[in-house]
Amino acid sequence: KETTLTQNLRWMRIRADVPVATHWFLPPVFGSGSGGSYPVFLARREVEDSQLVSELAKGGRDAPCILLVFDRMTKARREGFAIAMRRAKQTVLLIDETQVLYLSTRTSWMERLFACATPFGYLQPYTTSSGNIPSEMFFGREKEIAAIESVENNGCLVYGGRQLGKSALLHHVRKRFDLPETGRRAYYLKIDEFGGPVQPAARIWDEIRRVLLADQIVPEAANLPEEISAAIDEWLLQGGERRILFLIDEADMFLASEVRDAFPNLNRLKDMMEATTRRFKVVFAGLHNVRRLAKAPNSPLVHLGEPICIGPLNTSAESGHQARRLVIEPMKAAGFQYATPDLVHALLTRVNYYPSLVQVFCKALLEGISNLPRPPGAGPRWLLSKEQLFESSSAGDIRSQIRERFQWTLNLDPRYELIAKVLALHRLAGMDAAGGAMSVAELMSEVDAFWPRDFERLTPDDFRAFLDEMVDLGVLIRQVQGNGRYGLRGAQ
């Protein structure tokens with residue numbers, strides 16, 4: 001159904017299957033965020049940019065608009081259109097007759113359509129919302145995802161600092177794994193208050209029952225843990241690829257309560273996993289204490305495999321590649337590219353290769369540069385210089401946000417902050433050949449001078465384990481030289 005807006009401009013809405021990209025970047029607003037519904041505008045050459053901005057805005061700034069222009073747009077017209085759309089922060093896919101001709105000459109037309117059309121509108125693919133980010137904006141963690149989804153004795157424990165990607169990983173796995181048509185079900189639960197003074201740890205069974213009851217996996221009559229367990233067994237035995245995956249977030253208080261009370265709920269969940277050969281599987285995520293509790297005496301967590309640390313994306317060549325993709329590909333879709341390749345490394349170093357901090361940096365960057373005049377240069381994408389990245393008016397705010405998240409990790413344990421500040425003091429006092437890094441013995445000696453009286457003293461082995469926690473959390477970097485040296489990461 002077409003609606004005539006003016007003599008030269010019409011509007012309609014199309015509905016389609018939600019597109020999915022496998023080997024190229026699809027902006028979330030046109031993919032998982034679209035719901036398969038797209039407002040389409042059809043314009044003659046006479047329509048001015050100001051009128052297009054006004055009419056497109058009525059459909060919503062973030063709507064996945066498609067604009068078909070019945071004309072061959074000149075370079076100057078394209079550039080003027082791009083500036084108008086970016087200043088208005090209007091998302092739009094620009095397609096003219098030249099674009100259609102180009103797409104008809106080769107294969108992979110969908111990939112080339114987005115590569116050529118999105119740079120002429122405004123696009124904000126990055127997000128700082130906690131946890132549930134679009135699947136298109138999730139890069140890396142393939143090894144961790146495989147462990148969580150497997151039926152092996154791994155992937156049951158996830159830990160990391162605050163706002164550094166644990167919840168995002170769990171939500172991503174839930175969306176990937178949950179395929180009701182094949183019998184695979186995945187559920188995300190947040191239990192931050194369970195195990196505390198108000199809500200006992202046993203409340204977890206009420207939450208498990210609630211979500212399974214909604215999907216008719218357990219009957220209404222199943223109320224007790226043993227009844228819920230029996231109902232799950234019966235459902236799994238009905239054949240096919242049936243599996244149930246529970247992704248339980250913010251489980252620190254729950255796990256601490258289990259340690260105090262001799263693991264009444266954890267033992268039952270562990271037994272259920274073993275009895276079903278992990279076709280029923282539970283994954284617990286939390287802060288640094290998850291790693292420590294896994295080493296507690298007689299803890300059933302020992303049987304749940306090695307804890308997965310959500311650390312920086314630079315632990316392997318593949319993870320580093322995924323970090324670079326996160327910095328480059330969404331930015332290209334938004335119409336920007338880096339003036340020199342080394343700027344990508346400089347950006348990643350400043351955010352310690354953490355994907356959540358990349359999101360913070362790049363989102364603020366796009367917000368700040370959209371109103372700037374187009375710099376000189378060929379092609380549709382604007383070049384990003386070192387000055388725009390690290391010395392612009394928005395750079396200070398970006399640095400503040402990154403420092404805030406770094407401080408959140410230090411706040412997990414006051415000893416983290418003490419060790420980090422001793423290393424910072426050592427660096428400020430004068431860089432040595434190791435770039436400010438220190439051996440375990442040297443660092444322990446320096447820290448000892450500031451160690452508060454009411455803090456328990458650590459043995460050298462415990463102190464090294466403490467440093468390793470900080471490495472996992474992205475606070476420190478271990479430099480392998482002899483018996484190992486420790487220093488602050490990157491620009492910290």
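Got a number for carbon plus sulfur as a percent of the stretch 47-93's accessible area, 1.4 Å probe?
Here carbon and sulfur together make up 54 percent of the probe-accessible area.
So in the chain, what percent of DSSP beta bridges are antiparallel if you round to the nearest 5?
Just about 35 percent of them are antiparallel.
Averaging over every viewing direction, what projected area does the convex hull of the Cα atoms of the stretch 182-270 cover, in nm²?
With the hull built on Cα positions only, its mean projection is 5.8 nm².
Suppose we keep just the alpha-carbon trace of the stretch 72-160; what are its Rg and Dmax in angstrom?
Rg and Dmax of the stretch 72-160, Cα atoms, are 19.8, 60 Å.
Using the Cα centre as the reference, give the magnitude of the dipole from point charges on the C-beta atoms of the chain (Lys, Arg: +1; Asp, Glu: -1; all else neutral), rounded to the nearest 20 debye.
Charge dipole, the chain, about its Cα centre: 1640 debye, nearest 20.
Give the distance, in whole Å, between the Cα centre of the stretch 1-39 and the Cα centre of the stretch 58-74.
Using only Cα atoms to place each centre, the spacing works out to 10 Å.
Can you give the three extents of the C-alpha atoms in the chain along their principal axes, from longest to shortest, in whole Å?
For the chain, the Cα spread along each principal axis is 76, 68, 40 Å.
Rounded to a whole number, what % of the accessible area of the stretch 307-410 do carbon and sulfur atoms account for, probe 1.4 Å?
Carbon and sulfur atoms account for 56 percent of the accessible area of the stretch 307-410.
Taking the Cβ of SER167 as the centre, find all other residues whose Cβ is under 9 Å away and add up their charges (Lys, Arg: +1; Asp, Glu: -1).
Net charge in that neighbourhood comes out at 0.
Given axes a ≥ b ≥ c from the Cα gyration tensor, I'd like to know whether the stretch 240-281 is rounded (a/c under 1.5), prolate (a/b larger than b/c) or oblate.
oblate
Quickly work out the PHE70-to-LYS190 label distance, labels modelled 7 Å from Cα along the C-beta direction, and quote it in nm with one decimal.
5.0 nm
Quick check for you: with a 1.4 Å probe and neighbouring chains kept, what is the accessible area per residue of the chain, in Å²?
Result: 47 Å² per residue.
Let me have the relative contact order for the chain, percent, based on Cα pairs under 8 Å that are six or more residues apart.
For the chain, the relative contact order is 14 percent.
Ignoring everything except DSSP H segments at least 4 long, calculate the 222 nm mean residue ellipticity for the chain; use -39,500 (n - 2.57) per segment, divide by total residues, nearest 500.
Only helices count here, giving -13000 deg cm²/dmol.
In Å and from the alpha-carbon atoms only, list the Rg and Dmax of the stretch 95-209.
20.6, 67
Can you pull a Stokes-Einstein diffusion coefficient for the stretch 231-330 at 20 °C (1.002 mPa s), Rh from Kirkwood over Cα pairs, as a whole number of µm²/s?
Estimated diffusion coefficient is 135 µm²/s.
The values are calculated or read from the model by the stated rules, or taken from the named source; none is laboratory data. Predicted, not measured: the structure shown is a model, and the values here were computed from it. Reconstructed Cβ throughout: ideal geometry from the backbone, glycine too, with neighbour counts over all protein chains shown. Just so you know, the surface numbers come from the protein's heavy atoms only, side chains and all, with ligands and any DNA or RNA stripped out. Shrake-Rupley method; radii C 1.70, N 1.55, O 1.52, S 1.80 Å.
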